[in-house]
Structure formats: structure tokens, C-alpha cells
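Worksheet for the structure shown next.
Computed from the coordinates by the stated procedures, all read-outs in this text should not be read as laboratory data. Note that the coordinates shown come from a computational prediction; the quantities given were computed from them, not determined experimentally. Note that each Cβ is placed from the backbone with ideal geometry, even for glycine, and that neighbours are counted across all protein chains shown.
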Amino acid sequence: MKLTTLICFLVFITSISQAQEKDKYGRPPLVPGIAELKIGDQVPDILIDNIINNDKRSIRTSDYKDKLLVLDFWDTTCSTCIASMPKLDSLQRVFGDKIKLLSVTYQAEDMITKFFKANRFLNERTPPVHRASVVDDRALRSYFRYETNPHVVWIYKGKVVAITGPDYMNGKNIQTLLDGKPVDWLLKTEQFDTTIPFVSLNPLWQDGADSPDFGYSVLTGQATSVPSLGGINYIQDKVHNQSRIAIYNQSIFTTYQMLLYNTKPDEITYGLHPARVALEVKNPSRYFYKEEFGEQIDWNRKNLLNYEMVKSGTVEETEMAKLAIQDLNTRLKIHGRYEKRKVNCLVFVKTDKPITDTLAQESEGKSIEGLIIMRLDGVQKYPPAINETGFDGGLRMEPDDGTIAGLRKEMQRHGLDLIEAEREIEVMVISDAK
């Protein structure tokens with residue numbers, strides 16, 4: 001009896017230990033004893049097994065000692081990864097046996113098999129997409145460690161030649177490697193300390209750092225040693241009594257979008273519906289990428305920026321964002337701001353009837369703001385929507401036909417209405433400076 005109890009206890013402890021070993025993304029632990037590979041390293045002869053949707057259940061890296069092997073790490077929660085799969089299949093067909101584009105996930109085989117059978121986006125392609133994918137992976141993630149997907153590892157003639165995001169995955173870049181040409185692509189790195197300032201000040205400057213007037217800003221182009229980190233990094237340095245914001249490898253447009261949003265953090269922002277944005281500049285190609293501008297990699301090198309501002313004392317993030325906008329307006333010779341403009345809108349309004357059939361949002365009731373973000377502004381097919389009902393609760397929604405008329409009928413059932421009318425709304429405006 002005591003032995004049985006001891007065994008059960010050990011099994012229980014082991015299961016707890018294994019659960020605790022998973023990282024914050026729920027991924028299994030790395031394989032002990034495997035050293036991480038970097039760019040320039042020779043890849044050992046790795047057995048890659050548990051491959052589905054492939055002519056072989058397992059392969060070895062040595063099978064591609066004279067070819068290009070690309071590992072595309074993904075999981076089912078990564079929409080960017082899934083969206084790129086038709087492109088990967090197309091490139092595989094174009095280059096044939098010269099290359100192997102292999103998807104890799106830590107997720108279980110039964111889960112991935114069901115995913116490929118059920119995903120409408122992939123099954124509605126011509127031909128349907130069922131990527132050759134490693135499943136239940138631990139070894140490859142141990143050799144090529146990453147935090148976020150997509151994560152693309154390029155191996156040519158047995159050597160790691162690049163580690164990138166998905167932007168580099170195109171026929172031109174593949175052919176560049178097959179031609180034996182060297183590449184200097186932006187390294188996808190996530191081991192980056194955002195708390196360290198861009199510049200280290202000369203010790204003589206430190207005497208002036210205690211002044212209430214102390215401050216500086218730094219503006220650079222794309223930095224290949226820095227990841228493209230979303231959002232604004234805001235830090236209050238209590239040791240040096242300074243406040244700092246930093247933005248890494250972002251377009252001018254995204255930089256202003258983030259800064260302007262942070263000037264009004266307590267207000268509901270419905271996103272960048274085309275009618276909520278006005279780009280009134282002579283050279284719009286500087287501000288955000290479009291396919292017509294050529295290769296995104298080349299565009300990034302010319303147009304992405306890094307920005308840092310440091311001020312003495314405790315300066316709130318909202319105020320730092322305002323100061324940064326003023327500074328960038330001067331440096332970039334543009335004028336970015338929010339501005340009220342009259343726009344044709346879809347307007348949720350109250351009627352003379354009481355609001356009925358409500359349901360708490362925590363019980364899956366639909367809010368007006370949720371309908372605006374997900375169903376109206378999100379698809380960008382209709383005029384921008386606004387809420388003038390004053391109602392901030394949830395509604396028990398019945399299925400409708402998916403049209404504006406159908407949504408309006410459902411709103412009327414609740415004692416509300418959806419009308420089209422001109423309204424003055426806040427628009428994000430970027431124009432050339434006068």
C-alpha cells in the first residue's frame with residue numbers, strides 16, 4: 001500500500017514538473033544538450049521525423065547538403081503563418097526538387113491533421129493547400145530557438161545563411177541563394193533589451209542630466225540588428241529620474257498611428273478605416289508599404305525608422321507621445337495630428353422604444369463597439385460607424401443575413417436603429433508641413 005502511494009505520488013510530481021516545464025506559449029521544453037545554431041554555423045546531420053502531408057515520413061538535413069532547405073516555424077494560432085501557406089506551396093512547385101520548404105510546429109499530429117482538413121482558407125485554394133509539416137517538434141526548435149511565429153530559417157548547402165521573418169519568402173530571394181550569392185538580410189532576433197537607451201552619453205554629459213531641462217531625441221533609419229517590435233516602449237527610469245519612449249523599425253505611418261493613439265489612451269479607437277485616415281502628402285510611398293512599391297525588403301531599408309526620446313523627470317506616456325509628435329513633425333517636415341472632419345457614416349441611434357433583449361457582455365452579449373470593430377469598420381466595405389445610442393451594455397443577437405439591412409432590422413428589434421448620415425468625426429491626418 002505504501003509502495004503504491006509512493007508511485008502515485010511520484011507520477012503526480014512528475015506530471016506537475018512536466019506541466020511547469022512548458023513555456024508561456026504552452027510549448028514543450030527544449031531538448032537538453034542541443035546547442036543553438038546561428039547564422040554561419042554548419043548544420044549537423046539532424047533527423048527530422050513526424051512529417052505529415054509529405055512523400056516521406058522522415059528526412060535528414062544531409063539529404064539537402066547541395067540544396068536549399070527552408071524551415072518555416074508556425075502554429076495554428078498564427079494567422080500570418082497560415083496566410084503564407086499558399087505562397088509556400090506555389091514556390092515549392094516553381095522550384096521543384098531544388099528546394100524544400102518545410103513547415104514546422106510543436107503542436108500534436110492529430111490537432112494539425114484536423115486543422116488541415118477543416119481550414120476553409122486553405123481548402124478553398126486551387127489546388128487545396130496541405131503543407132508538408134513537421135509535427136510534435138522539439139528538436140528543431142532547440143536548434144533554432146524563437147519566441148514568436150513566423151520564424152524562417154534558411155539552410156543552404158548545409159549552412160545557416162539567414163534567419164528572418166516571412167517578408168523574405170519570395171522567388172527572387174530563393175533564386176539569389178540558389179545562384180550562390182551572399183545575402184545580408186534583416187536578422188529576426190527577439191533577444192533584445194528595450195530598456196537600454198539608443199545612445200550612451202559621454203560621462204561629461206551626466207553632470208547635466210540632473211537638470212530639469214535635460215532631454216534628447218534620436219532618429220535613425222532601419223536597424224538590422226534590432227527586431228521590428230510593435231507598440232511604444234515607455235520606461236520611467238527612477239534611477240536616473242528620466243522618462244523614455246522608443247519605437248523600433250516601424251514605418252512613418254505606423255509610428256504616427258501609435259503615438260496619436262497614445263495621446264488619447266482612454267478613448268475608444270475603432271481602427272484605421274480608410275475614411276478615418278487622410279494622407280495628404282506629395283510622396284505617399286514613404287509612409288507605408290504597398291506591393292506596387294517593389295520588394296518590401298528594399299522598401300523597409302529606405303523607409304523604416306527607429307526613434308527614441310528621453311526627458312528629465314517623470315513625464316507621463318500621454319505627454320511623451322505629444323512631445324514626440326511635435327519633434328517628429330519638425331524632423332520629418334510633416335504635420336501629423338487628429339482633426340475633426342465631416343464624413344458620411346453609419347450611425348447607431350436610439351429610437352423612441354425601450355432597449356430590449358439585452359445580455360451582459362460577459363455572457364456573450366454583443367456591444368455596439370464590438371459590432372463596429374468586428375463587423376463594420378473591420379471589413380472596410382462600409383462607411384465608418386459610430387455609436388450615438390449612449391448604450392454600453394450587451395445585446396442578445398439573433399442571426400441575420402449578413403447585410404447592412406439585416407443588421408439594421410436586428411437593431412430595430414432591440415429598440416435601436418442604424419442610419420446613414422454625415423457626422424463630424426476624428427480623422428488621423430498626415431500632411432506635408434507648410
Item to complete: Obtain the nm distance between the two label points defined at ASP210 and LEU187 by a simple spin-label model: each point lies 7 Å from its Cα along the Cα-to-C-beta direction.
Response: 3.9
Discussion item. Given the DSSP H assignment, sum -39500 (n - 2.57) over each helix run of at least 4 residues in the chain and divide by its residue total; what's the result at 222 nm in deg cm²/dmol, nearest 500?
Written reply: -8000 deg cm²/dmol
Item to complete: Give me the aspartates and glutamates in straight-line cross-link reach of LYS114: C-alpha distance below 15 Å, same-chain residues under 8 apart excluded.
Response: ASP75, ASP136
Worksheet item: How large is ³J(HN,Hα) for each residue in region 276-292, as worked out from phi by the Karplus curve 6.51 cos²θ - 1.76 cosθ + 1.60 (θ = phi - 60°), to whole Hz, x for Gly and Pro?
Response: 9, 10, 9, 9, 10, 10, 6, 10, x, 5, 6, 9, 7, 7, 10, 4, 5
Response to the item:
Summed over the other residues with a beta carbon less than 10 angstrom from that of MET169, with K and R at +1 and D and E at -1, the charge totals -1
Worksheet item: Each label point is 7 Å from the Cα along the Cα-to-Cβ direction; what then is the distance between the points at ALA433 and ARG396, in nm?
Response: 5.8
Worksheet item: On the first, second and third principal axes, largest extent first, how far apart are the outermost C-alpha atoms of the chain in Å?
Response: 69, 67, 62
Response to the item:
Residue ranges of DSSP H helices in the chain that stretch 18 Å or more (Cα, own long axis) and have mean Kyte-Doolittle hydropathy of at least 0.5 are 2-21
Response to the item:
Taking every C-alpha to C-alpha distance in region 80-122 and binning by 10 Å from 0, the per-bin percentages run 23, 50, 26, 0
Worksheet item: How much net charge surrounds HIS335 when only other residues with a Cβ under 15 Å from its Cβ are counted (Lys, Arg +1; Asp, Glu -1)?
Response: +4
Worksheet entry | Unit charges at the beta carbon, dipole of the chain: most positive-side option, SER142, THR194, THR77 | SER142
Worksheet item: How many percent of Cα pairs in region 70-183 exceed 19 Å?
Response: 45
Worksheet, complete the sentence: The summed charge of the ASP179 Cβ neighbourhood (under 13 Å; Lys/Arg +1, Asp/Glu -1) stands at +4
Practice prompt. For region 203-332, list log₁₀ I(q)/I(0) at each q in 0.10, 0.11, 0.12, 0.22 Å⁻¹, using the Debye formula over Cα point scatterers of equal strength and ignoring solvent, two decimals each.
Written response: -0.37, -0.45, -0.53, -1.40
Response to the item:
Of the residues GLY294, HIS240, VAL347, the Cα lying farthest along the dipole of the chain towards its positive end, which is defined by charges on the beta carbon of Lys, Arg, Asp and Glu, belongs to GLY294
Discussion item. So for region 203-332, if I pair up every lysine 8 or more residues apart or on another chain, how many of those pairs have alpha-carbons under 19 Å apart?
Written reply: 6
Item to complete: May I ask you to compute the full-extension gain from LYS353 to ILE373, defined as 0.36 nm times their residue separation minus their alpha-carbon distance, rounded to one decimal in nm?
Response: 4.7 nm
Item to complete: Could you order peptides 74-86, 150-162 by the average number of other Cβ atoms within 10 Å of their residues, highest first?
Response: 150-162, 74-86
Discussion item. Can you compute the FRET efficiency between LEU47 and THR148 using 1/(1 + (r/R0)^6), with r the Cβ-Cβ distance and R0 = 25 Å? Round to the nearest 0.05.
Written reply: 0.45
Worksheet entry | Pairs from LYS117/LYS381; LYS56/LYS181; LYS38/LYS157 whose Cα-Cα separation, in the structure shown, is over 19 Å | LYS117/LYS381; LYS56/LYS181
Worksheet item: So how far apart, in nm, are the two label points at ARG413 and ARG120 if each is 7 Å from Cα heading toward Cβ?
Response: 2.1
